[in-house]
Structure formats: structure tokens, C-alpha cells
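As C-alpha cells, the structure follows; a few thoughts come after it.
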Amino acid sequence: MSKKRILIVGNANHSLITNYVKWLKKTRRDLEIDILTDRLIKNSARVYYNNVYYINFYNLLYSIIQRIPGIRALYASYLYSNIIKEVSKYEFVHIHFLSMHFSYFIFLVKKYTNTKVITTIWGSDFSHHYYKDKKLFKTACSLSDKITFANKKKREKFIEKFQWKKDNLLLCRFGLAPLEILKEINITKEEAKKKLGWDHNKIAVTIGYNLNPLQQHLKILQELNSLKEYHKDIELILPLTYGGNKAYKRKLLKTLNKLPFNYRIYDEYLSDYTVSLIRKASQIMIQLQKTDQFSGSMQEHLYTRNVVITGSWLPYQTMKDYGINFLEVERIDQLSGTLIQVLKNYNNYHKDTSANPAAVLELSLWEKNISNWAQLYE
């Protein structure tokens, strides 16, 4: 069987990409998949790819010149000069996360080869990197043969922003590998709490899922000031294993220590099993970040029947379409009132989540989603 050669461009270590390649190879035996990565690849990730190319953009020189578009473009072209000679061997180049330096790669692919380009918008590349250089982002998209999004809302925003006329915008969702682990952990919330050492007499309330300030921890904690009388009833859980910085973390801990609630923070590496236990043990999850594409962590909390409170500004219509139950607030200052209602009637709200596990599996298992991705390479 002759092989189709695909060049993935992205962070070779990222779990979304490694799982994507694993499931793609299971589904399409005719594909040979290489990667061009801007991060040093770990040995544990190398096994997923046939060949690996590495380009170092995270150096002092690039950090100095990246604000000068002309110089930045020349330097990127220089770094890509060797790999671009190899690109004509591939039928598709697939960009995962459209950063500025990957945008330059698209220009070179289209200038020097006939290879087709697929660009997958992850979310923060459109929400944040786009604003750093709008012209660069738009031009890279216009050169892409296909562009994929994880949800309809982002696609609609993209069409509106760029007045997009081409019929090449597709919906392809990543699967959630942690769901495979969660399916195998057949224990109750009380048993998970016991394993983690949480207080079984209190309702566990998880705030966000990383240390990134976009999670809006400080505003959420400010809202919890209104719930001081519930300090004996709830225990706060804060996963802070990645994102953010030390200054923000210090400010967050200082704010936490002013509140009367018991809390637990997780700020060191956690095994997949421990992360799954935290999802299982948690009972209420507050997810009010400013922007998002299609939160995997939130879906894992939904699968484990957390009562999830999220923002109506986030693009979760697809979850509603699948019948997944969660609560929405229009503004953060509505959080305290909503949370009080949940605490007063927790058992009823928990009953409303009974259909969530099956619905989340249908929506987000890799085996349910990989066929849409596989069709991209036809």
C-alpha cells in the first residue's frame, strides 16, 4: 500500500497532537505522519511520529526581533530554509495552532511547493495571537486550503471578522483522551474524596483548571465573599499545575488566605490517574474564563457529574445540542447568587446531571471524532 505523507506543524509534545496522531494512524493505515515542532521533543512523544524536524524559535534573537515584522519574516524564512526543501514530498501540511512563525511557514509552502495546507484554529491563536498581527493572521488563513474549528461559534466569529467567502471552513473536534481513563475508574465521589484526603463532610467546589489569569480566579474569589456563612459547608479545590506566573500565584494565595474557606491547591505535576480522581471527587465546578475554544477539562467535570457553572459568553452551544446539562451566568457578579442556589438544592441539581456522562462520551470520545479528521486528507 502506498503511503500518503502528512507533515504536522505544532508542539510535538502536546497531548492533543500525540493523541490525534495515534488515533489518525489507527483509522488511516495509509498515512505516514511526520512533525515539524518548535519545541524540543520528549522521548515519550517521539514514538508517535515517523520523522521529526525541530526549529528553535524560543531564543534570544527571535525574542528581540519578533516585534519588527520585516526582520521577523526574514529570520523565520532563514530558519525554515532547510525544511522547506522537503515539503514537496508531502501531500498535506497541517498547521496545529496558527502562531506568527507558523504563518510564515504557510507563505513559504505556498510559494515554493504545490503541497496543500490545512490550518486548525485552536482558539487562543484566534483570540490572542490574531490581535498581535491581524494582517499576518488573515493572509495565512487566506492561503490555507482548509481551515478547521472546534465549534460553530468560533467559525461564525471568523466568518464575521474576515467577511469570509470561501467554502473551506470545517468543524473537527478533538477527542478527550482522559475520558478513556475516567471510564475505567469505577468509584463513587466519596471514595475518590477519601483517596485524595478531602473532607467528606463538605461539598468540593473546583475553581478553574489552571493558573492562567484568564480563569479569573480573583474575581471568582471576590464573589465568594458573599458566601462566608457557607464556610463550614464547602471546600475549595484549585488546580494550578500550569499557566500563570509566580506573581499571580502569590496574589491568588494571599486572596485565598483572607477567606474563611478550607482550600486545597494542586500546583505540581499530577499523574493522569490523580487528575481523574480530582474530576471524580469534585462536586461543583466553576468555569468562568474569559475565552475558550471547547474546554476539555470542563467536559471531564461534566462527565463525572459535577454541577458546572460557566459563562454564557463561552462557545458551548454544541454541548447544549448534545443535551449536556450545565448552568450559565451572564456576568461574574451573578455567580454568588447561582452558587447559593446550588448549595441549597445540591441534590436536585446533581440529579439534573444524570444524562451528562453518556452525552459527553458521544460528543468527545476520540473514536467518535477521528473520522472527520481523517477525511481532511482525501
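What to note about this one:
- Selection status of ASN82, modelled with pLDDT of 95 or more, open to solvent by 50 Å² or more (accessible area, probe 1.4 Å) and either at negative phi or over 25 Å from the mean Cα position of the chain (by Cα) (or both): no
- Looking only at the range 32-54, residues that are within 16 Å of SER99 (Cβ to Cβ) and either in a loop (DSSP other than H, G, I, E, B) or out of contact with any strand residue (DSSP E or B) (no Cβ under 9 Å at 6 or more places or on another chain) (or both) come to 2 in all.
- Filtered by the rule that a residue be among the β-branched types (Val, Ile, Thr), assigned to a helix (DSSP H, G or I) and within 26 Å of SER15 (Cα to Cα), the range 154-201 gives a lone residue, ILE181.
- Restricting the range 160-201 to residues that are open to solvent by less than 30 Å² (accessible area, probe 1.4 Å) and farther than 30 Å from TRP366 by Cα, the residue that is modelled with the lowest pLDDT: PHE162
- Checking each residue in the range 202-219 for being assigned to a helix (DSSP H, G or I) and surrounded by fewer than 21 Cβ atoms within 10 Å (Cβ to Cβ) picks out PRO213, LEU214, LEU218, LYS219.
- Subset tally (residues that are closer than 18 Å to THR206 by Cα and outside any loop (DSSP other than H, G, I, E, B)) for the range 239-253: 4
- Check on LYS280, modelled with pLDDT of 95 or more and touching a helix residue (DSSP H, G or I) at 6+ places or on another chain (Cβ under 6 Å): yes
- Selection count, the range 63-77, where residues are loosely packed, with under 11 Cβ neighbours inside 10 Å and either touching a Cys at 6+ places or on another chain (Cβ under 6 Å) or among the basic types (Lys, Arg) (or both): 1
- Filter result for LYS228 (under 22 Å from VAL308 (Cα atoms) and surrounded by fewer than 16 Cβ atoms within 10 Å (Cβ to Cβ)): yes
- Given (1) under 26 Å from GLN163 (Cα atoms); (2) surrounded by fewer than 21 Cβ atoms within 10 Å (Cβ to Cβ); (3) at pLDDT 95 or above, number of the condition LYS135 does not satisfy: (3)
- For the range 291-328, a tally of residues being under 13 Å from ILE181 (Cβ atoms) and either surrounded by fewer than 22 Cβ atoms within 10 Å (Cβ to Cβ) or of a type in the set (D, E, K, R) (or both) returns 2.
- Breaking point among (1) in contact with a helix residue (DSSP H, G or I) (Cβ under 9 Å, 6 or more places away or on another chain); (2) under 23 Å from VAL21 (Cα atoms); (3) part of a loop (DSSP other than H, G, I, E, B), for PHE57: (2)
- Of the residues making up the range 17-31, those that are out of contact with any helix residue (DSSP H, G or I) (no Cβ under 8 Å at 6 or more places or on another chain) and either open to solvent by less than 50 Å² (accessible area, probe 1.4 Å) or in a loop (DSSP other than H, G, I, E, B) (or both) are ILE17, VAL21, ARG29, ASP30.
- Failed item, numbered, when ILE265 is tested on (1) outside any helix (DSSP H, G or I); (2) modelled with pLDDT of 95 or more; (3) of a type in the set (A, V, I, L, M, F, W, C); (4) in contact with a Phe, Trp or Tyr (Cβ under 9 Å, 6 or more places away or on another chain): (4)
- Some residue of the range 91-114 being assigned to a helix (DSSP H, G or I), open to solvent by 70 Å² or more (accessible area, probe 1.4 Å), farther than 20 Å from GLN375 by Cα and not acidic (Asp, Glu): yes
- Residues in the range 346-359 that are among the polar types (S, T, N, Q) and surrounded by 13 or more Cβ atoms within 10 Å (Cβ to Cβ) were compared, and the one that is farthest from the chain's Cα centre (by Cα) is THR353.
- Selection count where residues are buried (at least 16 other Cβ atoms within 10 Å of the Cβ) and under 24 Å from SER371 (Cβ atoms), scope the range 46-62: 2
The rows are residues; the columns are (1) touching a His at 6+ places or on another chain (Cβ under 7 Å); (2) of a type in the set (A, V, I, L, M, F, W, C); (3) surrounded by fewer than 16 Cβ atoms within 10 Å (Cβ to Cβ).
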residue: TYR248; (1), (2), (3): no, no, no
residue: LYS251; (1), (2), (3): no, no, yes
residue: ILE265; (1), (2), (3): no, yes, no
residue: SER271; (1), (2), (3): no, no, yes
residue: ALA281; (1), (2), (3): no, yes, no
residue: GLN289; (1), (2), (3): no, no, no
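- Output for the range 360-378, where each listed residue is of a type in the set (A, V, I, L, M, F, W, C) and open to solvent by 30 Å² or more (accessible area, probe 1.4 Å): LEU361
The values are calculated or read from the model by the stated rules, or taken from the named source; none is laboratory data. The structure presented is a predicted model; accordingly, all values stated were derived computationally and were not measured. All Cβ positions, glycine included, derive from the backbone under ideal geometry; neighbour counts span all protein chains shown. These area figures cover heavy atoms from the full protein model, side chains too; ligands, DNA and RNA do not enter into them. Shrake-Rupley method; radii C 1.70, N 1.55, O 1.52, S 1.80 Å.
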